[in-house]
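As structure tokens, the structure follows; a few thoughts come after it.
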Amino acid sequence: MKHRKTTTSKGFVLVVVLCMVTALAGLLFAFNLDCRADLVAADALTSSARALNCARAGLNLAIAALSSSADSPENPAPMTLLAKTQHIALDEGTCSVEVEDQTGKLNINLLKRPDGRLNRPQVDRLLRLIDLLNRGDLDRPPISYSLIPSIIDWIDADEQTTCLQFIARQNLGAESSYYANLPVPYRPRNAPLETIEELLLVKAVTPELFDRLRRYITVWGDGKVNINSAPRLVIESLSENMDAALAQMIVSRRKERPFESLAQLRDIPGMTDALYNVLRKTATVAPADKHYQVVSRGRSGWRTCTIVAMIRKDPDTGNLDVIQYKEL
């Protein structure tokens, strides 16, 4: 009888010990998982910080390049930066930098004049651009003319729906009543657009449509198009008398050497006096305000960070100001 009690007692102790060992193993396993999670989080945080530093380095490199004379053929760095995406190796990772000159685009904030009157020449240029895009993308849905009155209603201060009577169809814009009835309602700005991406909030502007337009339009500048940086379609949209061949000759000529004065356009074959007089009013080679969008993408390990900044360069002093900054 005594031997059975001793055996039972030993068995009970063994069960208790096994339970304690199992509990300790579980605690150690959980502790190990927590440590691994903390290490992964710390590594991700470090990589994210490095990716952000790489993106900031790319932005600073772009600013340094733009601070030199962007219009001087003797200083090729800014022109090289504007020509294509630059990929740069850094100690902490890599970055890619894109710089886009905004002075060669059509300013959609100028579809109305400061006094509230319609800016008909600017409207006509955007109409021609829409026609050119539609003719060049026959396999895509056409861009509606209603885009223009919709933009006008977004940027003007009144609540009167714009109707452009010189357009036979698709000539109505949209005011607050339209946006209030959307599944997720919001109000139009009723002031100039602050960024080109804000256009995605305007009636009927889809991401696909935005991607087709963004290369040719801006929300910055005094409205005069920089002939040294404008895409061919923008040059072609400046006048109904400008054809594709002449616009391409202008682009080809500036690749050899940027135009130093508008008078040099007279040397382009096919340039008439009437067309030159139009370009004198709508184009420039020395923008009053220079705006550049810089997109810098930093990468460290598997983490990435993108900085989008708008840079304004004072043409008189050469000073650079970051007027918009966003980290993605």
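Values in this text are rule-based calculations from the coordinates and carry no lab data. Bear in mind the structure is a predicted one, so any value in this text is a computation, not a measurement. Cβ: placed from backbone, ideal geometry, glycine included. Neighbour counts: every protein chain shown.
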* Structure fact -> Scanning the stretch 149-166 residue by residue, those over 27 Å from the mean Cα position of the chain (by Cα), surrounded by fewer than 16 Cβ atoms within 10 Å (Cβ to Cβ) and of a type in the set (A, V, I, L, M, F, W, C) turn out to be Cys163, Phe166
* Read through the list (1) part of a helix (DSSP H, G or I); (2) over 23 Å from the mean Cα position of the chain (by Cα); (3) surrounded by fewer than 18 Cβ atoms within 10 Å (Cβ to Cβ), then give the number of the only condition that Glu198 fails. => (2)
* **The listed residue being farther than 20 Å from Arg215 by Cα and of a type in the set (Ser, Thr, Tyr), out of Ser261, Ser239, Ser296, Ser252** => Ser261
* Candidates Ile151, Ile227, Ile250, filtered to the one that is touching a strand residue (DSSP E or B) at 6+ places or on another chain (Cβ under 8 Å) and within 23 Å of Thr103 (Cβ to Cβ) -> Ile227
* To do: Go through the residues of the stretch 266-274 one by one and say whether even a single one is closer than 30 Å to Ile88 by Cβ and either in contact (Cβ under 8 Å) with a residue 12 or more places away in the chain or assigned to a loop (DSSP other than H, G, I, E, B) (or both).
  => no
* Name the one entry in Ala247, Ala204, Ala230 that is closer than 15 Å to Arg266 by Cα and either crowded, with 20+ Cβ neighbours inside 10 Å or not polar (S, T, N, Q) (or both). => Ala247
* Structure fact -> If we keep only residues of the stretch 226-284 that are polar (S, T, N, Q) and more than 20 Å from Ile130 (Cα to Cα), then the residue nearest to the chain's Cα centre (by Cα) is Asn228
* Structure fact -> If we ask which residues in the stretch 96-145 are crowded, with 20+ Cβ neighbours inside 10 Å, touching a strand residue (DSSP E or B) at 6+ places or on another chain (Cβ under 7 Å), within 30 Å of Ser67 (Cβ to Cβ) and not basic (Lys, Arg), their number turns out to be 9
